[in-house]
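S.K.: Structure incoming, see below.
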Amino acid sequence: MRLFFAVDVPAVPGLLPVLDRLEAMQGAKVPSSDSLHITLKFIGEADAAIIPSLSQSMDLSVSDIAPFTMTLRSIGCFPDDSRPRVVWAGVEDGGILKKISDRLEEETSALGIEAEKRGFRPHLTLARLRQPFPGMMKNFDDLSGVELGTVNVADVKLKSSLLTPSGPRHSVIHTSRLNEVNK
């Protein structure tokens, strides 16, 4: 199974025109509006036998974190403007997603899962580009600093990803609710 931890993001109204603009671009692969998420930790291929341990690790990682609100703001790309391959929306959340990601790293490393080599940078992937389009990001200058919407976060999910010719299909395996008591 191909597994990852994530926070689901609904297609808030401010995102819809951005997704439409990206979808109109040749070579841009835009996720369906019902599969938008922020990946907190990618596990990769794993045996189903590890799912109970991963679920417990996720429960522990969020046990003292209260539900919170995050703001989606601005558009950017990886690796840089001269070679954009991934277009993303920025996330402002006061560092909570990083805190959860760091805890997940710690918990999963105890299970023998390799740590991410790149530091966690919260973002919402809006499109993957089949080839880099230098200068493409100028098409989104009007969104610099613009708030695209706010999202209430009440849980974190362990998901599986099945790669298909029409794109990945995600399934929820386990959901950890954030601690309502600490609200």
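The values are calculated or read from the model by the stated rules, or taken from the named source; none is laboratory data. Given the structure is predicted, the values throughout are model-derived calculations rather than measurements. All Cβ positions, glycine included, derive from the backbone under ideal geometry; neighbour counts span all protein chains shown.
S.K.: Filter the stretch 1-35 down to the residues that are buried (at least 18 other Cβ atoms within 10 Å of the Cβ), farther than 17 Å from Cys77 by Cβ and of a type outside the set (Phe, Trp, Tyr) and list them by number.
M.R.: Across the stretch 1-35, the qualifying residues are Leu3, Ala6, Val7, Asp8, Val9.
S.K.: Are any residues in the stretch 127-182 of a type in the set (A, V, I, L, M) and under 18 Å from Asp81 (Cβ atoms), and if so, which ones?
M.R.: Ala127, Leu129, Met136, Met137, Leu143, Val146
S.K.: Yes or no: the stretch 119-127 includes at least one residue that is surrounded by 14 or more Cβ atoms within 10 Å (Cβ to Cβ), in contact with an Asp or Glu (Cβ under 6 Å, 6 or more places away or on another chain) and either over 16 Å from Val9 (Cβ atoms) or of a type in the set (Gly, Ala, Ser) (or both).
M.R.: Taking every residue of the stretch 119-127 in turn, none turns out to be surrounded by 14 or more Cβ atoms within 10 Å (Cβ to Cβ), in contact with an Asp or Glu (Cβ under 6 Å, 6 or more places away or on another chain) and either over 16 Å from Val9 (Cβ atoms) or of a type in the set (Gly, Ala, Ser) (or both).
S.K.: Let me ask something else about it. Against the definition (under 24 Å from Ser35 (Cα atoms) and either at pLDDT below 95 or among the aromatic types (Phe, Trp, Tyr) (or both)), how does Thr164 come out, yes or no?
M.R.: yes
S.K.: Please name all residue pairs, on different chains or six or more residues apart, with Cβ atoms under 9 Å, provided the first residue is in the stretch 23-39 and is touching a residue at least 40 places away in the same chain (Cβ under 8 Å) and in a strand (DSSP E or B) and the second residue is surrounded by 17 or more Cβ atoms within 10 Å (Cβ to Cβ) and of a type in the set (Asp, Glu).
M.R.: What qualifies is His37/Asp8; Ile38/Asp8.
S.K.: Oh, and also: Being farther than 20 Å from Ser35 by Cβ, charged (D, E, K, R), surrounded by fewer than 18 Cβ atoms within 10 Å (Cβ to Cβ) and in contact (Cβ under 8 Å) with a residue 12 or more places away in the chain is true for just one of Asp93, Asp80, Asp102. Which residue is that?
M.R.: On the way: Asp93 fails: surrounded by fewer than 18 Cβ atoms within 10 Å (Cβ to Cβ); Asp80 fails: in contact (Cβ under 8 Å) with a residue 12 or more places away in the chain.
The conditions single out Asp102.
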